[in-house]
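Worksheet for the structure shown next.
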Amino acid sequence: MEFSIYRFNPDTDSAPYMQSFTLPDDQIEPGMMLLDALLLLKTKDDSLGFRRSCQHGVCGSDGMNVNGTNGLACIMPLANLKAPVVLRPFPGMPVIRDLIVDMDNFYRQYREAEPWLINDSPEPEVERLQTPEDRDRLDGLYECILCGCCSASCPSYWWNPDRFLGPAALLQAARFIEDSRDQATEHRLERLDDAYRLYRCHGIMNCTQVCPKGLNPSKAISDIRRTMIKRSV
Amino acid sequence: MKLTTRKFDALIIGAGGAGLRAALQLSNGDARVAVVSKVFPTRSHTVAAQGGVNAALANVLPDSWHWHMFDTIKGSDYLGDQDAIEYMCRAAPKVVYELEHFGVPFSRLDDGGIYQRAFGGQSQNFGKEQAARTCAAADRTGHAILHSLYQQNLRARTHFFDEYFAIDLIKDEAGYVLGVVAFEILSGEPIVIEAKTTLIATGGAGQIFRTNTNSLSNTGDGMAMALRAGVPLEDMEFVQFHPTGIAGRGMLITEGVRGEGGFLINSEDERFMERYAPQAKDLASRDVVSRAIAIEVREGRGCGRNKDHVLLDMRHLGADMIMKKLPGIREMSMTFLGVDPIEKPIPVFPTCHYSMGGIPTNRDGQVVVPVKDTPEDPVPGLYAAGEAACVSVHGANRLGGNSLLDILVFGRAAANHILEFLKDNRYHRPLPQGSVDQALERLSRWERKGDGEAVEPLRQELRKVMEDHCGVFRTAEVMQEGVDKLRVLRERIANAVIRDHSQTFNTARIEAMELENLMDCAMATMCSALGREESRGAHSRVDFPERDDERWLKHSLYSLLDDSMDYKPVRTQPVSVESFPPKKRVY
């Protein structure tokens, strides 16, 4: 199987280039994932750089651009990929080396969303109660693994990475706005009520299409907007 | 070369649940705390925990911390330290309520309380009816906890060194641990992080086995750092094989599946656990279930073309229940097997999952070592918590749901003790340059060029040796051979080279240094297993099939120096209740 992989090592390369790799067919086993293939290619060239850890789609380390679409290498079956498989780092994020991108801005935006529960009532000695229905409203919001596939596929994010929070951070904002235990909804909405932070989303929906966890940031964003509008009337 | 130096009150190595729980306690306690992690915090392996965290909340069925304590001691095959176990079980409800207040999205019961499910080895009334003690956020409890803890640390403004690799501890002549030498993965630049206290929270070493449920980053870095600093490792022979890893691949399928009513079947469609554990059946302790599966397969009742696995059946639970309570399992099964568990059972086989052993600590999280006649003398300034540590609350076999509990209770306890230690140790001690140089030597060793074996094939060989020579069933002969093979591997690793010598995000160098750590942990495991001539918990000796309390009711201590073994007594006295004396273990 043929691969074409983006290479750039700032220590030695003046410019990035695409390098061809071949994985012999006898090394390919049924059920193999793209990450398995990358790990095998790395045994031939230990300078090939990519992040990885859990190998089953929960840690969010190995996001990359595969044949033009962002995804997690560890849960992409090799059998579903068209060869030559073209691997690039996330678009719209600065490249550190090969498939490794600098995610500092992505994490900064996550912090901007103030992704922590705010509840200033006296703490009970037991759990705060939450009805199963209220808890259900967090499904589809809390499972985000911060892989970055969504934000790195969003044209609005590519264009305004400094001011638009991007789908991942906005999904977090929605997760806390929706949480019946959180008391800072007003504060959260006020912080988002800005031409860029929230409203740069143009509903392109790339985020929802690529999310490897099947989440829907696009819907979360429109839900925030709806809440905002309701609040203003 | 001028080294960058940073100074903190407390340093935490590792940003999983134990490290982040400790960091939060310290930040809230106004200590200057730094967390060093080789991966971004939410990528730590706690994120993969599925089923839940044990606490006797009694939200679903009657419960008490005392029953939890009994189950944990019995589960440990009586090797757990009863003072630490009492402490943990008593603290459990409090730490779970704290988590809820931190924002963890626990699943809920109709009355709004935290949802609890049944898990293996749990009982009411000291061994009677099944209990429901495991607090869950669907089957993504670890993810929910790790993310909430990280978020709370952001709120508390904890200082993070993300993607920094810790090389070795800094230790002075008087035995104080004074921080760590690390390097920034991005730039390759070394850094000295001085700290009055250092907490090792680097998790387990599951990668020493070929088939495992662990992240690739679980390479026992902190355990190996402790060994190199002269600290022995405790009870490393006790490695938990989780009964239900995806056959052939190793990914974890939570015990929660059986807790919710799923069961195991062999090729004859028989619920075979009824034979091995008439009362608890599929919810017997993990060591019991793993052995039963291995025996079924060995005796020819395995499933599939190669008759090399059994099946986990949850079809009878129904689509609604599976999608509500086990959505992550369904997703994983469909991704990796193309099997929807609503329609078909999942092929499973025991897989290396958890290190019961680790860095010896007391229940305040202080690292303790034998000095002359004292088996447990604290190393000043050094703490450990979580899977990297051995308190020991898990003894010879850990109960499902007790590892998330362990990291929370002892991460918090260690932080509380650190705050006390800081009151009496207000100033940084002088930096011992020799210790710093030694650590830097470990880094520069990989600059060596020329001929030599590559790292990855050596890693594969190491994992194969462990699987072949130190698996579920063990004998002296096979393990002695294993030790010999590991010794040869150790020499070969010392002469290995990497081809990539660049500074920017050099993953080859990280993998090489991880391999050195894996090597030390593997040797500790094999030597400890060879030493223990009995069968207890997860350690099954074919040549010594019985538990031997007279000779072996004691903890193993492996030291790097000459690969030597030492032993220390089990703490059989709890803090406030009566001791549970060893009894025959039946489920």
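Among all residue pairs at least 6 apart or on different chains, which show Cβ distances below 9 Å where the first residue, located in region A:61-77, is at pLDDT below 95 and the second is of a type outside the set (Lys, Arg)?
Pairs that qualify, where the first residue is at pLDDT below 95 and the partner is of a type outside the set (Lys, Arg): there are none.
Can you find even one residue in region B:370-380 that is surrounded by fewer than 24 Cβ atoms within 10 Å (Cβ to Cβ) and among the hydrophobic types (A, V, I, L, M, F, W, C)?
Yes, region B:370-380 contains a residue that is surrounded by fewer than 24 Cβ atoms within 10 Å (Cβ to Cβ) and among the hydrophobic types (A, V, I, L, M, F, W, C).
Here's the yes/no breakdown for (1) surrounded by 24 or more Cβ atoms within 10 Å (Cβ to Cβ); (2) more than 14 Å from every other protein chain (Cβ to nearest Cβ):
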{"residue": "B:Val231", "(1), (2)": "yes, yes"}
{"residue": "B:Val239", "(1), (2)": "yes, yes"}
{"residue": "B:Thr254", "(1), (2)": "yes, no"}
{"residue": "B:Val257", "(1), (2)": "yes, yes"}
{"residue": "B:Asp269", "(1), (2)": "no, yes"}
{"residue": "B:Arg275", "(1), (2)": "no, yes"}
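When you scan region B:494-537, how many residues do you find that are more than 14 Å from chain A (Cβ to nearest Cβ) and open to solvent by 10 Å² or more (accessible area, probe 1.4 Å)?
Residues in region B:494-537 being more than 14 Å from chain A (Cβ to nearest Cβ) and open to solvent by 10 Å² or more (accessible area, probe 1.4 Å): 9 in total.
Within region B:240-256, how many residues are touching a strand residue (DSSP E or B) at 6+ places or on another chain (Cβ under 6 Å) and among the β-branched types (Val, Ile, Thr)?
Total meeting the criteria: 2.
Only residues that are in a helix (DSSP H, G or I), within 26 Å of B:Gly188 (Cβ to Cβ) and either more than 9 Å from chain A (Cβ to nearest Cβ) or open to solvent by less than 30 Å² (accessible area, probe 1.4 Å) (or both): list them for region B:21-51, please.
B:Ala23, B:Pro41, B:Thr42, B:Arg43
Considering only residues of region B:443-467 that are open to solvent by 80 Å² or more (accessible area, probe 1.4 Å) and among the acidic types (Asp, Glu), which is nearest to B:Val177 (Cα to Cα)?
B:Glu447
Which residue, of B:Val577, B:Val478, B:Val483, is outside any loop (DSSP other than H, G, I, E, B), open to solvent by less than 40 Å² (accessible area, probe 1.4 Å) and away from chain A (no Cβ under 14 Å)?
It is B:Val483.
Condition test on B:Ala10, is it away from chain A (no Cβ under 14 Å), in contact (Cβ under 8 Å) with a residue 60 or more places away in the chain, among the hydrophobic types (A, V, I, L, M, F, W, C) and surrounded by fewer than 24 Cβ atoms within 10 Å (Cβ to Cβ)?
In short, no.
Hey, could you check region B:556-566 for residues that are out of contact with any Cys (no Cβ under 8 Å at 6 or more places or on another chain) and surrounded by 18 or more Cβ atoms within 10 Å (Cβ to Cβ) and say which is farthest from B:Pro370 (Cα to Cα)?
Ranking the qualifying residues of region B:556-566, first place goes to B:Leu560.
Scan region A:110-140 residue by residue and report those that are touching a residue at least 60 places away in the same chain (Cβ under 8 Å), open to solvent by less than 20 Å² (accessible area, probe 1.4 Å) and touching an Asp or Glu at 6+ places or on another chain (Cβ under 8 Å).
Matches in region A:110-140: A:Leu117 only.
With the structure loaded, tell me whether B:Ser435 is among the polar types (S, T, N, Q) and crowded, with 19+ Cβ neighbours inside 10 Å or whether it fails that test.
It is true that B:Ser435 is among the polar types (S, T, N, Q) and crowded, with 19+ Cβ neighbours inside 10 Å.
How many residues are open to solvent by 40 Å² or more (accessible area, probe 1.4 Å) and within 8 Å of chain B (Cβ to nearest Cβ) if we restrict to region A:32-50?
Number of matching residues: 1.
Can you pull out every residue in region A:65-92 that is away from every other protein chain (no Cβ under 14 Å) and under 15 Å from the mean Cα position of the chain (by Cα)?
A:Asn65, A:Val66, A:Thr69, A:Asn70, A:Phe90, A:Pro91, A:Gly92
Residue by residue through region A:125-145, note down the ones that are charged (D, E, K, R) and either in a loop (DSSP other than H, G, I, E, B) or touching a helix residue (DSSP H, G or I) at 6+ places or on another chain (Cβ under 6 Å) (or both).
Matches in region A:125-145: A:Glu125, A:Glu127, A:Arg128, A:Arg137, A:Asp139, A:Glu143.
Considering region B:555-587 alone, what residues qualify as being under 26 Å from B:Ala91 (Cβ atoms) and either in the same structural domain as B:Glu477 (by TED's automatic domain parsing) or of a type in the set (D, E, K, R) (or both)?
Once the filter is applied, which keeps residues that are under 26 Å from B:Ala91 (Cβ atoms) and either in the same structural domain as B:Glu477 (by TED's automatic domain parsing) or of a type in the set (D, E, K, R) (or both), region B:555-587 yields B:Lys568, B:Arg571, B:Glu578, B:Lys583, B:Arg585.
Exactly one of these conditions fails for B:Lys94: (1) under 25 Å from the mean Cα position of the chain (by Cα); (2) assigned to a loop (DSSP other than H, G, I, E, B); (3) more than 8 Å from chain A (Cβ to nearest Cβ). Give me its number.
Tallying (1) under 25 Å from the mean Cα position of the chain (by Cα); (2) assigned to a loop (DSSP other than H, G, I, E, B); (3) more than 8 Å from chain A (Cβ to nearest Cβ), B:Lys94 fails exactly one: (2).
Please verify whether A:Pro212 is buried (at least 19 other Cβ atoms within 10 Å of the Cβ), touching a Cys at 6+ places or on another chain (Cβ under 9 Å) and not in a loop (DSSP other than H, G, I, E, B), treating the condition exactly as stated.
Judged against the criteria, A:Pro212 is not a match.
Which of the residues belonging to region A:158-195 are of a type in the set (D, E, K, R), in contact with a helix residue (DSSP H, G or I) (Cβ under 9 Å, 6 or more places away or on another chain) and outside any helix (DSSP H, G or I)?
A:Asp162, A:Glu178, A:Asp179, A:Arg181, A:Asp182, A:Asp193
Take A:Phe176 and decide whether it is touching a residue at least 12 places away in the same chain (Cβ under 8 Å), among the aromatic types (Phe, Trp, Tyr) and away from chain B (no Cβ under 14 Å).
no
Can you pull out the residues in region B:60-91 that are outside any helix (DSSP H, G or I), on the phi < 0 side of the Ramachandran plot and within 21 Å of the chain's Cα centre (by Cα)?
Scanning region B:60-91 gives B:Ser76, B:Leu79, B:Gly80, B:Asp81.
If B:Ala137 satisfies every condition in (1) over 25 Å from the mean Cα position of the chain (by Cα); (2) assigned to a loop (DSSP other than H, G, I, E, B) but one, which is the exception?
Going through the list (1) over 25 Å from the mean Cα position of the chain (by Cα); (2) assigned to a loop (DSSP other than H, G, I, E, B), B:Ala137 breaks only (1).
If a residue must be touching a Lys or Arg at 6+ places or on another chain (Cβ under 7 Å) and among the β-branched types (Val, Ile, Thr), how many such residues does region B:115-147 contain?
1
How many of the residues in region B:465-504 are basic (Lys, Arg) and over 27 Å from the mean Cα position of the chain (by Cα)?
Of the residues in region B:465-504, 2 are basic (Lys, Arg) and over 27 Å from the mean Cα position of the chain (by Cα).
Being open to solvent by 50 Å² or more (accessible area, probe 1.4 Å) and touching a residue at least 40 places away in the same chain (Cβ under 8 Å): is that true of A:Pro16 here?
So A:Pro16 fits the description; yes.
Please enumerate the residues belonging to region B:97-126 that are touching a Ser or Thr at 6+ places or on another chain (Cβ under 8 Å), of a type outside the set (A, V, I, L, M, F, W, C) and more than 7 Å from chain A (Cβ to nearest Cβ).
Across region B:97-126, the qualifying residues are B:Tyr115, B:Gln116, B:Arg117, B:Gly120, B:Gly121, B:Gln122.
Kindly list the number of the only condition in (1) assigned by TED's automatic domain parsing to the domain that holds B:His539; (2) touching a residue at least 40 places away in the same chain (Cβ under 8 Å); (3) open to solvent by 30 Å² or more (accessible area, probe 1.4 Å) that fails for B:Leu440.
B:Leu440 satisfies every listed condition except (1).
The values are calculated or read from the model by the stated rules, or taken from the named source; none is laboratory data. Here the structure is a predicted model, which is why all the values come from computation and not from measurement. So basically every Cβ, Gly included, is an ideal-geometry build from the backbone, and we count neighbours across all protein chains shown. Just so you know, the surface numbers come from the protein's heavy atoms only, side chains and all, with ligands and any DNA or RNA stripped out. Shrake-Rupley method; radii C 1.70, N 1.55, O 1.52, S 1.80 Å.
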